[in-house]
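The values are calculated or read from the model by the stated rules, or taken from the named source; none is laboratory data. Values in this document were obtained by computation on a predicted structure and should not be read as measured data. Cβ atoms come from the backbone with ideal geometry, glycine included; neighbour counts cover every protein chain shown.
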Amino acid sequence: MKKFVLGIKIDDININQALQIVKGWLKKEGKYYIVTPNPEIIVMAQKDEEFKNILNKANLSIPDGIGLKLSGDIVCNTPGIDLLESIIKMAADLGYTTGFLGGRDTVAEKSAECLKKKYPKLKVSFASSAGEIDNDGNEMGVLNHESRMMNQEKKQKKHNSLFIIPDSDILFVAFGPPKQEKWIAKNLDKIPVKLAMGVGGAFDFLSGKVPRASVWIRKMGLEWLFRLIIQPWRIKRQLSLIKYIWLLLLDRMRTK
């Protein structure tokens, strides 16, 4: 069900519903992308009209995090990391190919390795951090010799992106918001990919680099607190939650 939180479209559905939508897309023609708005992303979009438009034009915009329920209108909590892994399991079962782009160092490659061990039938077309992205989603440059060689090959093939993206049914992009969403919006029509999803820091969890909160902590809606404890540097990002709550209060006062 389509709803709006501070002007951002939210498809208020659970993981099973989202997965059925994704399955339908993969069976027909077209290109699709998924975004995962949480309070931090919604606050970002208030001052970035381009980012806001990309979020609102997404084919699927899931409610990522318990914070969206504070709006009083959102029912579901559909964490992006959980949807991501559900899509991966589905891809492994049905034979769809997956690609992993972004993240720091070799976290994309490690994520693919871990997932292939967990889901032996998973088809991975490629996994690479590839290069750097600016805040407008533009490719700033490639990081290493191998990537430079890939760039030259891509130029010969007259592609418009610095990154070589092999044919893939599903591409997971981990540059962090708003970079990943803007990169997807700029490049989806140019690359041989059917479905793209911005996944933020999910590769850190998938690779085992960062532990994830226990299920009971997640069910209590305290995964954000667990992450803050193990990654204290996130305190600056958590401040956006205070701003999000303030903006919700202002919005309610205007509508009364």
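Of the residues F205, F172, F226, the single one that is in contact with a helix residue (DSSP H, G or I) (Cβ under 9 Å, 6 or more places away or on another chain), modelled with pLDDT under 70 and not in a loop (DSSP other than H, G, I, E, B) is F226. No other residue among L68, L60, L55 is of a type in the set (A, V, I, L, M, F, W, C), at negative phi and over 15 Å from the mean Cα position of the chain (by Cα) apart from L68. Note on the stretch 13-43: residues that are more than 20 Å from F172 (Cβ to Cβ) and either buried (at least 20 other Cβ atoms within 10 Å of the Cβ) or in contact with a helix residue (DSSP H, G or I) (Cβ under 6 Å, 6 or more places away or on another chain) (or both) total 3.
Of all residues being at pLDDT below 80 and of a type in the set (S, T, N, Q) in the stretch 229-248, which is nearest to K47 (Cα to Cα)? Just the residue, please. Among them, the one singled out is Q238. Listed by position, the helices (runs of 4 or more DSSP H) inside the stretch 35-141 whose residues that are acidic (D, E) and touching a residue at least 12 places away in the same chain (Cβ under 8 Å) number at least 3 are 80-94.
Of all residues in the stretch 1-29, those satisfying the criterion of being part of a loop (DSSP other than H, G, I, E, B) and either at pLDDT below 95 or basic (K, R) (or both) are M1, K27, K28, E29. Within the stretch 174-191, the set of residues being in contact with a His (Cβ under 9 Å, 6 or more places away or on another chain) and surrounded by 24 or more Cβ atoms within 10 Å (Cβ to Cβ) is empty. The requirement of being at pLDDT 95 or above and surrounded by fewer than 21 Cβ atoms within 10 Å (Cβ to Cβ) is satisfied by K118.
Here is the figure for the stretch 51-74: residues that are modelled with pLDDT of 95 or more and either out of contact with any helix residue (DSSP H, G or I) (no Cβ under 7 Å at 6 or more places or on another chain) or hydroxyl-bearing (S, T, Y) (or both) total 7.
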